[in-house]
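One structure is given here, and the rest of the page talks about it.
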Amino acid sequence: MSDFILFDLDGTLTDPGEGITNSVAYALRKYGIEVEDKATLNTFIGPPLHESFQKYYNFSILQSFDAVTKYREYYRDRGIFENRLYDGIIDMLSSLKAAGKCVIMATSKPTVFAERIADHYGFRQYFDILVGSELDGKRVDKAEVIEEALRQAGSPSPESCIMIGDRLHDIEGARKNSIPSVGVLYGYGSREELCDAGADVIVETVSELKAYLLKS
């Protein structure tokens, strides 16, 4: 029985594509890099930002953290709300709460931004616990985020927990904490990515996810 349900945010609860890619493009422009097709920046959705600047644009560690600072110049007041809630999320969250589940958000996004998004889109009330990263770069690894979320939940038994996310980092983070995971295909990860990461279950839609969580 999964009584403690952990959700990723970007690509799992909301579709943040426009805001994140606009923010990344803004940061890259500061380095003289123009991006013609912003869809190519979708790879930045999910993983820690500094890692993506290093991986996709060969930034040094120092440059990557500076790029994150520039990213936030746009994201903090504009990009954060260039976002949308996936259809069916509120219904799913309210149903889980009605069923007595402990609903937790575990995101690599800074906690302060995750809280603003949850408040703005009206789903903060469904979460018992909300854990993100810190603005100074601490706790950006998803495994560390999940570990802290479970600690705040009272360190429940692994078999009573489940992590839901759309990228390999969510699945790998769950595995490192010895809890099962569900990969969602309506976000930004592919079936191949989620399977290779070791997702225990893969669902295609929010309604399918809701049905699975309520029966598990």
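The numbers here are math on the coordinates, done by the rules we state, and not lab data. Given the structure is predicted, the values throughout are model-derived calculations rather than measurements. Here Cβ is always computed from backbone atoms with ideal geometry, including for glycine, and neighbour counts include all displayed protein chains.
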Check: With no solvent and one point per C-alpha, what does the Debye sum give as log10 I(q)/I(0) for the chain at q = 0.16, 0.19 Å⁻¹?
Finding: -1.04, -1.46
Check: Hey, can you rank 193-206, 41-54, 148-161 by average C-beta count inside 10 Å, highest first?
Finding: 41-54, 193-206, 148-161
Next item on the list: Report the local net charge at L9: Lys and Arg +1, Asp and Glu -1, summed over other residues whose C-beta lies under 14 Å from its C-beta.
Entry: -1
Next item on the list: First select every other residue whose beta carbon is under 12 angstrom from the beta carbon of Q63; then total the charges, Lys and Arg +1, Asp and Glu -1.
Entry: +1
Next item on the list: Answer rounded, prolate or oblate for segment 95-205, using the Cα gyration tensor with square roots of eigenvalues a ≥ b ≥ c: rounded when a/c is under 1.5, else prolate when a/b is larger than b/c, else oblate.
Entry: rounded
Check: Shape of segment 18-59 from its Cα gyration tensor (a ≥ b ≥ c, root eigenvalues): rounded if a/c is under 1.5, otherwise prolate when a/b > b/c, or oblate?
Finding: oblate
Checklist line | Amide hydrogen neighbours beyond the local backbone of I202, cut-off 5 Å, H modeled | finding: G183
Checklist line | Whichever lysines have a C-alpha closer than 19 Å to that of K38, once near sequence neighbours (fewer than 8 apart) are set aside | finding: K30, K55, K70
Check: Can you give the FRET efficiency for I33 and D136, using 1/(1 + (r/R0)^6), R0 = 30 Å, r = Cβ-Cβ distance, to the nearest 0.05?
Finding: 0.75
Item checked: Amide H partners (placed H, <5 Å) of T14, local residues excluded -> Y86
Next item on the list: For segment 158-173 and segment 63-97, write down the distance between their C-alpha centroids in whole Å.
Entry: 19 Å
Notebook entry, point to check: Where nothing but the Cβ of Lys and Arg (+1) and of Asp and Glu (-1) is charged, how large is the charge dipole of segment 68-216 around its Cα centre, in debye to the nearest 20?
Noted result: 320 debye
Next item on the list: Amide H neighbours of L130 under 5 Å, at least 5 residues apart or on other chains, H built in the peptide plane: list them.
Entry: M105
Next item on the list: Quick one: compute a quarter of the convex hull surface over the Cα atoms of segment 72-156 and quote it in nm².
Entry: 6.0 nm²
Item checked: Rounded to 5, percent antiparallel among DSSP beta bridges of the chain -> 10 percent
Item checked: Y121/E148 FRET efficiency (R0 30 Å; Cβ-Cβ; nearest 0.05) -> 0.85
Next item on the list: Sort segment 171-216 into rounded, prolate or oblate with this rule: let a ≥ b ≥ c be the square roots of the eigenvalues of the Cα gyration tensor; rounded if a/c is under 1.5, and if a/c is not under 1.5, prolate when a/b is larger than b/c, oblate otherwise.
Entry: oblate
Check: So what are the ³J(HN,Hα) numbers for segment 190-199, from phi and the Karplus equation (6.51, -1.76, 1.60; θ = phi - 60°), rounded to whole Hz, Gly and Pro as x?
Finding: 8, 4, 4, 4, 5, 5, 4, 6, x, 4
Note to self: With N set to the number of residues, divide the alpha-carbon radius of gyration of segment 90-130 by 2.2 N^0.38 Å and report two decimals.
What the structure shows: 1.14
Next item on the list: Pull up the cross-link candidates among the lysines for K215, meaning alpha carbon to alpha carbon under 21 Å and not fewer than 8 places away within one chain.
Entry: K97, K101
